[in-house]
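For reference, the structure is listed below as structure tokens.
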């Protein structure tokens, strides 16, 4: 009798486990996401794209769709295709390095920018801080085509030093490339190394992000999705690989743009951040540092990362919680992470091929994130 009861109990446990596994499998039916991505290619949202979905500490979906360009003979995109990450550089590279520098007391985010750039403290910029650069509350203009009036990196930064503020620092939030051009320059000043060397030594190398780099070599051009035809390039100097003209002027290595990467590589860094700064037994950042930089803290932006826009108008869609953080890239890239759901969605595309006038991705991004959540069944 006791053996029979033990058998029944064991069968009950197995039944519960099978039910849980079946429910879990059902909740991960990504057929709707497949259809959405194929339709996006058909609708010319982008020629091709790679997407990775992370849930509960593991990649549960990793696929690519479309081709390198709209040409039928173009090579298919796959999960190893390398994309110009554009402004994801701000969050992935510059912010990550700044996080590590702050916890090692090499950088104080409350320090004044003028303490690193002596010519910067004029025209109301005297008290502007690194934190204000990172939260995009600096008062600097949103964007300037320095590459049209400057010929060297020194000329570009001197132009920023001389530039006037367009609003009082701290009074509002205006996303600005200039903020992270300056932050990247400060990081290089503090460390004595460029951003590429810093990121490789501190993060991409140890994390095994082997397809992540600035200024990719000619030997891997067949893996890189193009971002624009030569006719779009308006400057007299040769068109570089990086899509951003100011990053090109800075030698392809800048705090605001210039990174090339894959969804698989970015998943490693995102997993590390979601895990409180640790991955595979190696600690890259203190958990307290990650929390400090990524918490909303009653601000419209986190430190180096974006936050969900109230009112359901976020590119993260309607379901991502208010504690979510992420970032977008001009070329058609994005990262969004919802810590409450332990969920992340990484999208890389070259929507700017052959022209940046294609803005269909604006409507696509929220739909993408809503579809992922619906596929996972945890709305």
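The values are calculated or read from the model by the stated rules, or taken from the named source; none is laboratory data. All values reported here derive from a predicted model rather than from experimental measurement. Ideal geometry is used to build each Cβ from the backbone, glycine not excepted, and the neighbour counts take in all protein chains shown.
When 102, 89 are checked against the criterion of being farther than 26 Å from residue 219 by Cβ and either touching a residue at least 12 places away in the same chain (Cβ under 8 Å) or under 21 Å from the mean Cα position of the chain (by Cα) (or both), 102 stands alone in meeting it. Residue-level analysis places residue 172 outside the set of residues that are within 16 Å of residue 254 (Cβ to Cβ), under 25 Å from the mean Cα position of the chain (by Cα) and not in a helix (DSSP H, G or I).
So which residues in the stretch 62-106 are buried (at least 22 other Cβ atoms within 10 Å of the Cβ) and part of a loop (DSSP other than H, G, I, E, B)? Listed by number, the residues that qualify are 77, 81, 85, 86, 87.
In the stretch 39-55, which residues are in a loop (DSSP other than H, G, I, E, B), more than 15 Å from residue 74 (Cα to Cα) and touching a strand residue (DSSP E or B) at 6+ places or on another chain (Cβ under 8 Å)? Across the stretch 39-55, the qualifying residue is only 45. Could you go through the stretch 289-312 and let me know if any residue there is in contact with a helix residue (DSSP H, G or I) (Cβ under 9 Å, 6 or more places away or on another chain), outside any strand (DSSP E or B), under 23 Å from residue 45 (Cβ atoms) and at pLDDT below 95. Yes, the conditions are met somewhere in the stretch 289-312.
Do we have any residue at all in the stretch 332-340 that's farther than 27 Å from residue 292 by Cβ, part of a loop (DSSP other than H, G, I, E, B) and out of contact with any helix residue (DSSP H, G or I) (no Cβ under 7 Å at 6 or more places or on another chain)? There is no residue in the stretch 332-340 that is farther than 27 Å from residue 292 by Cβ, part of a loop (DSSP other than H, G, I, E, B) and out of contact with any helix residue (DSSP H, G or I) (no Cβ under 7 Å at 6 or more places or on another chain). Of all the numbered requirements in (1) in a helix (DSSP H, G or I); (2) surrounded by 15 or more Cβ atoms within 10 Å (Cβ to Cβ); (3) within 18 Å of the chain's Cα centre (by Cα), residue 371 misses one, and that requirement is (3). Any residue at all in the stretch 254-263 that is crowded, with 23+ Cβ neighbours inside 10 Å, touching a residue at least 40 places away in the same chain (Cβ under 8 Å), over 25 Å from residue 188 (Cα atoms) and within 17 Å of the chain's Cα centre (by Cα)? Yes, the stretch 254-263 contains at least one residue that is crowded, with 23+ Cβ neighbours inside 10 Å, touching a residue at least 40 places away in the same chain (Cβ under 8 Å), over 25 Å from residue 188 (Cα atoms) and within 17 Å of the chain's Cα centre (by Cα). For residue 152, the requirement of being at pLDDT below 95 and farther than 27 Å from residue 287 by Cα is met.
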